[in-house]
Amino acid sequence: TTLLALYAKCGMLDKARQVFQSLSVRDIVAWSALQSGYYEYGFDEETLNCLEQMQLEGVSPDVVIYVCSLKACGSMGAMDKGREIHSRMEREGVIERDTSACNALIEMYAACHSIDDALVVFNSIEKKDISVWNALASAYSDLGYGDEVLNLFNRMQQEKIGSDTFLFVIKIKAYTKMSRLDLGK
């Protein structure tokens, strides 16, 4: 698996696939190494194929596999596939356990230009950490909803949610898109 991961990280995906196919046991670590290699080098279809194939072989995906799959869906604009993965994650309780999964869902829906679906995910999270707030703020900013970024920031202040450098960068991007130099200063 270490050799597989090395080949995948170096972009030698044919070699990584050969090593993967030679494994007598294909566990979640091997699948994750192969899938992340495909994703990192822009092979979104293969990234999603890994998810399907591993499930056919009886290996249950973990959060890393789901996050990588959702990123591939976002890159491809494959919202239907993303919704299918979202449903699986809900059935398996992944969303309640891991904020990175929630962030990936918000990012995938934003990449597919569905801020409403991103909001549904955001609103369904009971305990929101700063990364979830940042994911929604980034989604708003990327889609050109500058006023919503500012409203979200104000809401965070009202709810006594701390902010971080990433959120300030998102705000400045929103001000830029709004042509609001006065607010940026």
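Residue-wise test of (1) open to solvent by less than 20 Å² (accessible area, probe 1.4 Å); (2) modelled with pLDDT under 95; (3) within 20 Å of A139 (Cβ to Cβ).
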| residue | (1), (2), (3) |
| --- | --- |
| R26 | no, yes, no |
| A30 | yes, no, no |
| G37 | yes, no, no |
| L48 | yes, no, no |
| V67 | no, no, yes |
| A72 | yes, no, yes |
| H113 | no, no, yes |
| D116 | no, no, yes |
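Going by the conditions given, is Y7 closer than 28 Å to A135 by Cα and among the aromatic types (F, W, Y)? In short, no. For D129, the criteria (1) of a type in the set (D, E); (2) touching a residue at least 24 places away in the same chain (Cβ under 8 Å); (3) surrounded by fewer than 20 Cβ atoms within 10 Å (Cβ to Cβ); (4) closer than 29 Å to M54 by Cα hold in every case but one, which is (4).
The values are calculated or read from the model by the stated rules, or taken from the named source; none is laboratory data. Predicted, not measured: the structure shown is a model, and the values here were computed from it. Positions of Cβ are backbone-derived with ideal geometry, glycine not excepted, and every protein chain shown enters the neighbour counts. Note: areas computed on protein heavy atoms with side chains; ligands, DNA, RNA excluded. Shrake-Rupley method; radii C 1.70, N 1.55, O 1.52, S 1.80 Å.
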